[in-house]
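Encoded as structure tokens, the structure appears first; notes follow it.
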Amino acid sequence: MELAGIEAISRGAKKAILCDKSKQAIRIMEKNIEKTHTKEQIELYQTAFEELLKTKIKEKLDIIFIDPPYQTDFAYEAVKMILEKDLIHQDSIIVIETDQEKRIKQQLETLEIEIMDERKYGRVHLIFLNQKRKG
């Protein structure tokens, strides 16, 4: 979600990495980035999240916001890839936006991740995750 990235920058984040497969969505993001003068702090990719995670991300991330199409398994697949690629550290937070929290939570049970918090805003449910503590 591009607005979350721009908002993070406006609140002091040094960098935001955004991606979307849709050319139309990328055009809208580019306009919003230009309007908010955040181009220097945002990396924008027109690609699938899988490609982004496999080839573009090289450092550990502090906060990851996942806002996939709701009827997909993309949230689970993204978290699984993030863990496999070791893209987070012990204090990192992953936030998933969904309207199917029970299904997503059931999928996440198979991963080395724990739910820290949950929030509901209308039909939108936010699930806050972090890596399971070792030991």
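The values are calculated or read from the model by the stated rules, or taken from the named source; none is laboratory data. Since the structure is predicted, the reported quantities are computational estimates derived from the model, not experimental observations. Note that each Cβ is placed from the backbone with ideal geometry, even for glycine, and that neighbours are counted across all protein chains shown. The area values use the complete protein model at the heavy-atom level, side chains included, leaving out ligands, DNA and RNA. Shrake-Rupley method; radii C 1.70, N 1.55, O 1.52, S 1.80 Å.
Values for this structure:
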read-out	value
Given (1) under 14 Å from the mean Cα position of the chain (by Cα); (2) of a type in the set (Val, Ile, Thr); (3) not in a strand (DSSP E or B), index of the condition Ile17 fails	(3)
Residue among Ile113, Ile93 that is of a type in the set (Val, Ile, Thr) and either closer than 19 Å to Lys21 by Cβ or surrounded by 17 or more Cβ atoms within 10 Å (Cβ to Cβ) (or both)	Ile113
Answer from Lys23, Lys80, Lys14 - the residue that is at pLDDT 95 or above, among the basic types (Lys, Arg) and surrounded by fewer than 15 Cβ atoms within 10 Å (Cβ to Cβ)	Lys23
Residue check, Leu126 touching a strand residue (DSSP E or B) at 6+ places or on another chain (Cβ under 8 Å), of a type in the set (A, V, I, L, M) and surrounded by 14 or more Cβ atoms within 10 Å (Cβ to Cβ)	yes
For Met29: the one exception among (1) at pLDDT 95 or above; (2) part of a helix (DSSP H, G or I); (3) hydrophobic (A, V, I, L, M, F, W, C)	(1)
Flag if Thr55 is without any contact (Cβ under 8 Å) to a residue 40 or more places away in the chain, open to solvent by 50 Å² or more (accessible area, probe 1.4 Å) and of a type in the set (Val, Ile, Thr)	yes
Test: residue in the range 68-79 that is under 13 Å from the mean Cα position of the chain (by Cα), charged (D, E, K, R) and closer than 20 Å to Asp20 by Cβ	yes
